[in-house]
Amino acid sequence: MTEQKSLPIISLENVDLTLGQAVSAVHVLKNVSLDIEAGQSVGIVGPSGSGKSTLLMVLAGLEKVDRGEVRIAGHNISTMTEDQAAAFRGANIGIVFQSFHLIPNMTALENVAVPLELAGRKDAFAVAERELHAVGLGERLTHYPSELSGGEQQRVAIARALAPSPKILIADEPTGNLDTATGKQIADLLFAKQRENGLTLVLVTHDPALAARCDREVPVRSGRIEERAVPDSLQHTVTISA
């Protein structure tokens, strides 16, 4: 009997993306193919301007590709409308940004609860409170972002990303605005939550130590993945991108 192999939770096939128009057009991603298994942690690494953050935005459905296919959890998000992609992202993908992106005139509790309310959750504030307790901010529910340290703000952002119980957690330089000690605490929290919730974690980082903690590293240079990073269970050979 032939063993059935599970499909990757993230699959990019021959993806191209150009940003800008005419003389300002930049071919950011060039024939990118990438498969990521469910439950893996993957670090996307490369020099500034290599396209790694854009790749992350494509994975999140925040950038629509010009060519190729992007499949997330079995769904082709390349063909979705903007509204369909937003709804799919809200249910399946949590996103943590370098700059936190908290709403300044809302408390920590409100920052986590409001996206859930917009998605129609009746238990939005109860879930938000639970997630804030889970990231160590049970005593800071009513504090505004300006009253929180950088590390605490990033914890709020992580709680907000995890509150909808996504399958995938995407993080763009999650420790980039933090000092070394605080950055390590945030990294510890991300990996702990990944294990606890069985998440697929995909992060962009300039930090070699953070990337080394991931199950895999995907190097990006000049809009290309330097190696076709395919899990062993899906493919036994590694091919170099053209």
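The values are calculated or read from the model by the stated rules, or taken from the named source; none is laboratory data. A quick note: this is a predicted structure, and the numbers were derived from the prediction, not measured. So basically every Cβ, Gly included, is an ideal-geometry build from the backbone, and we count neighbours across all protein chains shown. Just so you know, the surface numbers come from the protein's heavy atoms only, side chains and all, with ligands and any DNA or RNA stripped out. Shrake-Rupley method; radii C 1.70, N 1.55, O 1.52, S 1.80 Å.
The C-beta contact set for region 197-209 (first residue without any contact (Cβ under 8 Å) to a residue 40 or more places away in the chain, second residue open to solvent by less than 10 Å² (accessible area, probe 1.4 Å) and among the aliphatic types (A, V, I, L, M), distance under 8 angstrom, 6+ apart or interchain) comprises Asn197/Leu162. Remark: pairs (first residue in region 89-115, over 24 Å from Thr182 (Cβ atoms); second residue surrounded by fewer than 15 Cβ atoms within 10 Å (Cβ to Cβ); Cβ separation under 6 Å; 6+ apart in sequence or on different chains) = Gly90/Ala119.
Selection over region 152-168 of residues that are open to solvent by less than 10 Å² (accessible area, probe 1.4 Å) and more than 21 Å from Asp123 (Cβ to Cβ) gives a count of 2.
Annotation note: Cβ proximity below 8 Å between a residue of region 70-82 that is closer than 16 Å to Asp35 by Cα and a residue that is assigned to a loop (DSSP other than H, G, I, E, B) and of a type in the set (Lys, Arg) (sequence gap 6+ or interchain) occurs for Ala73/Lys167; Ser78/Lys64.
Of the listed requirements (1) surrounded by fewer than 20 Cβ atoms within 10 Å (Cβ to Cβ); (2) under 18 Å from the mean Cα position of the chain (by Cα), Gly136 misses just one: (2). Can you confirm whether region 49-57 contains a residue that is within 15 Å of the chain's Cα centre (by Cα), open to solvent by less than 50 Å² (accessible area, probe 1.4 Å) and either more than 20 Å from Gly176 (Cβ to Cβ) or among the charged types (D, E, K, R) (or both)? Yes, region 49-57 contains at least one residue that is within 15 Å of the chain's Cα centre (by Cα), open to solvent by less than 50 Å² (accessible area, probe 1.4 Å) and either more than 20 Å from Gly176 (Cβ to Cβ) or among the charged types (D, E, K, R) (or both). Filtering region 203-222 for residues that are open to solvent by 50 Å² or more (accessible area, probe 1.4 Å), hydroxyl-bearing (Ser, Thr, Tyr) and over 30 Å from Thr18 (Cα atoms) leaves an empty set. Only one of the listed residues (Ala124, Ala128) is at pLDDT 95 or above, more than 23 Å from Leu56 (Cα to Cα) and under 21 Å from the mean Cα position of the chain (by Cα). That residue is Ala128.
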